[in-house]
Amino acid sequence: MRTADKQIADILVRYGEPFGGNVWRVQGTAVIYHKTLERIAAQAGIVFEPPTIIRCERDEAVILVTGRLPGAKPGTERVEWSLGEALVNVNYRVSGKQAAYVYAMAEKRGKDRVILKLIELHGLVYSEEEADEFRAHQPAVRAVDEDFEEPPAFDQITEAEGDLKRRIDEAETINAVTDLMLDGATQAVLATMPSGTRDEVRDYAKARLVALGWPKRSGRKSAA
């Protein structure tokens, strides 16, 4: 394992996360899943302050994110801040009928940068949401586990994720959301996604179910 990868692996293991399956390289740059960083933040006990909106436009959002990492002793708490930004068709690509979630993307990027700073991975690895350029290239180098299958190209993942979220938004009943998530074609698309993206789509579907009044007796079992 290259020295940088070993540094990354040593830090990840502190939080119960393996290198293989969580980290890969794009054009020589180490990239980590957003969902992995969320799990690490929860494990480390990182607390985020309410975000500060720097810019809010229809196609652009800039958010200031501040996070706190508790210390082992009083007075040893660490605080880091960073900006998250998303501008459609500049550093945030939207294709076809995919909806643009600029605020969600800006929040992800800001939080991911803060987490990486607090766990001392900043500069060693980047979040999958860190720069849209990562989505233009398929990972070229496998992680530590040689049996780990490389993820599909990020542009394909993004388009599929956006399409599913759009269809979830269009579902007007609990049963409609459930039918969509149980559909064989939907399951096939989810199976091609990295675990982090797949979990995010399922969480999105659950949020839609809640917005429609779930849980309640709908005669169907939720598959979200």
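The values are calculated or read from the model by the stated rules, or taken from the named source; none is laboratory data. Given the structure is predicted, the values throughout are model-derived calculations rather than measurements. Cβ: placed from backbone, ideal geometry, glycine included. Neighbour counts: every protein chain shown. These accessible areas exclude ligands, DNA and RNA; they are computed on the full protein's heavy atoms, side chains included. Shrake-Rupley method; radii C 1.70, N 1.55, O 1.52, S 1.80 Å.
From GLY21, GLY84, GLY28, GLY45, grab the single residue that is out of contact with any Gly (no Cβ under 9 Å at 6 or more places or on another chain), small (Gly, Ala, Ser) and at pLDDT 85 or above.
Details: GLY21 fails: at pLDDT 85 or above; GLY84 fails: out of contact with any Gly (no Cβ under 9 Å at 6 or more places or on another chain); GLY28 fails: at pLDDT 85 or above.
Result of the check over GLY21, GLY84, GLY28, GLY45: GLY45.
Going through the stretch 14-48 one residue at a time, which ones are within 26 Å of ASP203 (Cβ to Cβ) and among the β-branched types (Val, Ile, Thr)?
Those that are within 26 Å of ASP203 (Cβ to Cβ) and among the β-branched types (Val, Ile, Thr): VAL23, VAL26, VAL31, ILE32, THR36, ILE40, ILE46, VAL47.
Sort out which residues of the stretch 56-76 are of a type in the set (D, E, K, R) and under 18 Å from ARG113 (Cα atoms), and write them in order of number. Steps first, please.
So in the stretch 56-76, the residues of a type in the set (D, E, K, R) come out as 57-60, 68, 73.
ARG68 - this is the single residue of the stretch 56-76 that is of a type in the set (D, E, K, R) and under 18 Å from ARG113 (Cα atoms).
Among the residues of the stretch 90-123, what is the count of those that are of a type in the set (Gly, Ala, Ser) and either under 19 Å from PHE48 (Cβ atoms) or modelled with pLDDT of 85 or more (or both)? Outline the logic, then answer.
Within the stretch 90-123, the first condition is being of a type in the set (Gly, Ala, Ser), and the residues that meet it are 95-96, 99-100, 104, 106, 110, 123.
Remaining after also requiring either under 19 Å from PHE48 (Cβ atoms) or modelled with pLDDT of 85 or more (or both): 104, 106, 110, 123.
Adding up the residues that qualify gives 4.
For a quick check of your reading of the model, give me the residue pairs whose first member lies in the stretch 69-80 and is at pLDDT below 90, whose second is part of a strand (DSSP E or B) and open to solvent by less than 70 Å² (accessible area, probe 1.4 Å), with beta-carbon atoms closer than 6 Å and at least 6 apart or on different chains.
Filtered contacts from the stretch 69-80: no entries.
Restricted to the stretch 75-122, and to residues that are open to solvent by 10 Å² or more (accessible area, probe 1.4 Å) and acidic (Asp, Glu), which residue is nearest to GLU200 (Cα to Cα)?
Result: GLU107.
Can you find a residue that is assigned to a helix (DSSP H, G or I) and not hydrophobic (A, V, I, L, M, F, W, C) anywhere in the stretch 74-86?
No, the stretch 74-86 contains no residue that is assigned to a helix (DSSP H, G or I) and not hydrophobic (A, V, I, L, M, F, W, C).
With the stretch 1-69 as the region, which strands (runs of 3 or more DSSP E) entirely inside it contain at least 2 residues that are of a type in the set (D, E, K, R)? First the steps, then the outcome.
On the way: elements: 23-26, 29-32, 52-56, 60-69.
Because the criterion is at least 2 residues that are of a type in the set (D, E, K, R), the strands (runs of 3 or more DSSP E) in the stretch 1-69 that meet it are 60-69.
What number of residues in the stretch 1-19 are surrounded by 15 or more Cβ atoms within 10 Å (Cβ to Cβ), more than 20 Å from LYS108 (Cα to Cα) and not aromatic (Phe, Trp, Tyr)?
Of the residues in that region, 6 qualify.
Any chance the stretch 124-144 includes a residue that's in contact with a helix residue (DSSP H, G or I) (Cβ under 9 Å, 6 or more places away or on another chain), at pLDDT 75 or above, open to solvent by less than 40 Å² (accessible area, probe 1.4 Å) and not charged (D, E, K, R)? Outline the logic, then answer.
Keep residues of the stretch 124-144 that are in contact with a helix residue (DSSP H, G or I) (Cβ under 9 Å, 6 or more places away or on another chain), which gives 124-132, 134-139, 143-144.
Remaining after also requiring at pLDDT 75 or above: 124-130.
From what is left, the residues that are open to solvent by less than 40 Å² (accessible area, probe 1.4 Å) are 125, 127-130.
Within this subset, residues satisfying the condition of being not charged (D, E, K, R) are 125, 127.
Yes, the stretch 124-144 contains a residue that is in contact with a helix residue (DSSP H, G or I) (Cβ under 9 Å, 6 or more places away or on another chain), at pLDDT 75 or above, open to solvent by less than 40 Å² (accessible area, probe 1.4 Å) and not charged (D, E, K, R).
Would a scan of the stretch 54-66 turn up a residue that is out of contact with any strand residue (DSSP E or B) (no Cβ under 8 Å at 6 or more places or on another chain), closer than 24 Å to MET193 by Cα and open to solvent by 50 Å² or more (accessible area, probe 1.4 Å)?
No: zero hits.
Give me a count of the residues in the stretch 177-214 that are among the β-branched types (Val, Ile, Thr) and over 18 Å from the mean Cα position of the chain (by Cα).
Initially, the stretch 177-214 is screened for residues among the β-branched types (Val, Ile, Thr), giving 177-178, 186, 189, 192, 197, 201, 210.
Narrowing the set further to residues that are over 18 Å from the mean Cα position of the chain (by Cα) leaves 177-178, 186, 210.
Total satisfying the criteria: 4.
Within the stretch 32-45, how many residues are in contact (Cβ under 8 Å) with a residue 12 or more places away in the chain and either surrounded by fewer than 18 Cβ atoms within 10 Å (Cβ to Cβ) or touching a helix residue (DSSP H, G or I) at 6+ places or on another chain (Cβ under 6 Å) (or both)?
Residues meeting the conditions: 9.
All but one of (1) open to solvent by less than 70 Å² (accessible area, probe 1.4 Å); (2) more than 13 Å from ILE115 (Cα to Cα); (3) touching a residue at least 24 places away in the same chain (Cβ under 8 Å) hold for PRO51; which doesn't?
Result: PRO51 fails condition (1) only.
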